[in-house]
Amino acid sequence: MGKKDATASRLPVDQYRKEIGKQDYKKSKSALRATRLKAEAKRNASGFRDTVLVIVAVLVFLLSVYAFFYLNLSTEMDLDVDVD
């Protein structure tokens, strides 16, 4: 009896999901394949973005190290000139 009551009172969300699933089966195989290929292309495109982000991060790091040493050496040269 409890089992029958549990299945009889489905949530509207579950019914909606079931209807959506039925509609998905109605699509043709070519449309499903095109959707799958589009999703795979989107996932693979993130690899290019990750590569660009890594290169930019390395360049920013090198630039910051260069700026740090440039500023330290330039202040040391100014102090040496003032001492004379």
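The values are calculated or read from the model by the stated rules, or taken from the named source; none is laboratory data. Small disclaimer: the values here were computed from a predicted structure and weren't measured. Only protein heavy atoms, including side chains, enter the accessible area calculation; ligands, DNA and RNA are left aside. Shrake-Rupley method; radii C 1.70, N 1.55, O 1.52, S 1.80 Å.
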Leaving ligands and nucleic acids out of the surface, order 17, 10 by accessible area at 1.4 Å, largest first. 17, 10
How large is ³J(HN,Hα) for each residue in segment 12-18, as worked out from phi by the Karplus curve 6.51 cos²θ - 1.76 cosθ + 1.60 (θ = phi - 60°), to whole Hz, x for Gly and Pro? x, 5, 5, 5, 5, 5, 5
Karplus 3J(HN,Hα) series, Hz, for segment 34-48 with 6.51 cos²θ - 1.76 cosθ + 1.60 (x for Gly, Pro): 5, 5, 5, 5, 5, 5, 5, 5, 5, 5, 6, 5, 5, x, 5
